[in-house]
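First comes the structure, then the notes that go with it.
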Amino acid sequence: MSVILEAKTLKEQKAKEMAARVAGLSSVPTLAILQIGDREDSTTYIAHKERFAEKIGAKTILKKFPTDVTQKQIVSEIGFLNNDKSVHGIIVQLPIPLALDKDTVLNAVTPEKDVDGLGAVNTRKFLEGRVDAVVPATTRGILALLGHYDISLEGKKVTIVGRSTLVGKPAAIACINEGATVTVCHSKTNHLKKETASADILIVAIGKPRFITADFVKKGQVVIDVGINSPMLGKLDDEPERLPKVVGDVDYNKVHTIVDAITPVPGGVGQMTVVSLFENLLDAFGRQR
Ligand code: NAP
């Protein structure tokens, strides 16, 4: 019987602690969210952020832009928010339209308010393993979840599938910083199953519904499923009509009977990502006092 690494209890515990912290502050920690376009998934993620902010007594300001917004307009808006003392964190909801240069946009956010930790200054600090580095929210969430279940990374062999700047690479750096030996796999990796099955801890972030099945894993492993996908993309022929709202990159039903521990989707990493974003906001607020 595997342990289900659910985030609910930890999320509630952290929300209570954060609400108490916010209640004791002289002003309200405020997060500005820039949304370019109106992708449905982005709108859902933003709604989760707004709800969590409300729960802990923080504030969010949503700035919406059409998909044809110019880079100059976005950079100028970020510049305005950088100088606004009532705003403590700024995030640009990803993905953004290809016509905009992602690096330029992300680097326009002043490092003090870069609570996603995706700008060049923070990335450098994070690479160096500095204590004042902002750990990108999904990675911070993974670390928190592992810590909550007393799963140490030190000395472990970790395999990460996915090398994105948003998830795979930061997760790899964090695991190295925590003393793990890390293998990062991607679409060009040969013998992927061999790499995944040889890990103590397997972290999957590829964006392919239920891609990791029984033959990718082995007994004794911890599996962290970062994926959030529409189940329609990976619908199986024998599946009942009532599909779940989202599914992970791991075929939970086939894998959980084999491994020692696994995160559910939903209810795992995604929940912790929201919490960690606001932990980053409160840290930024503290540094700006
Ligand atoms: P991404 O930017 O599309 O990157 C996907 C990565 O997976 C790439 O490195 C790609 O390899 C690799 N990949 C794709 N197909 C593969 C295959 N068949 N075998 C091995 N590697 C493969 O995606 P992302 O932004 O990292 O997101 C990944 C998933 O996590 C998505 O489902 C997303 O919705 C989810 N997500 C969840 C959270 C959360 O809070 N839980 C946060 C962010 C993202 P190449 O580099 O070679 O192309």
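Here, each number is a calculation from the coordinates, and none is a lab measurement. This one's a predicted model, so the numbers in the text were calculated from it and none came from an experiment. Here the Cβ is made from the backbone with ideal geometry for all residues, glycine too, and neighbour counts use every protein chain on show.
With the simple model of a label 7 Å out from the Cα in the direction of the Cβ, Gln13 to Val121 spans 3.4 nm.
For region 1-152, the Cβ-based charge dipole about the Cα centre amounts to some 340 debye (Lys, Arg positive; Asp, Glu negative; other atoms uncharged).
The Cα atoms of the chain give a gyration tensor whose axes a ≥ b ≥ c have a/c of 1.5 or more with a/b greater than b/c, which makes the shape prolate.
Taking 24 Å as the limit for the C-alpha separation, the pairs Lys49/Lys85; Lys16/Lys208; Lys16/Lys156; Lys49/Lys188; Lys16/Lys157; Lys8/Lys59 exceed it in the case of Lys16/Lys208; Lys16/Lys156; Lys49/Lys188; Lys16/Lys157. Restricting the trypsin sites (Lys or Arg not before Pro) of region 44-147 to loop positions (DSSP other than H, G, I, E, B) with no more than 16 neighbouring Cβ atoms within 10 Å leaves Lys85, Arg130. Compared with the dominant principal axis of the Cα atoms in the chain, helix 8-23 is inclined by about 20°. Here is how the number arises for the chain: DSSP H runs of 4 or more residues each give -39500 (n - 2.57), the sum is divided by the residue count, and the result at 222 nm is -12000 deg cm²/dmol.
Across Asn229, Asn190, Asn107, mean-square fluctuation computed from a Gaussian network of the chain (C-alpha pairs under 10 Å connected) peaks at Asn190.
In region 1-155, a dipole from Cβ-located charges (positive for Lys and Arg, negative for Asp and Glu) runs towards its positive end, and of Gln71, Leu10, Val87 it is Val87 whose Cα lies farthest in that direction.
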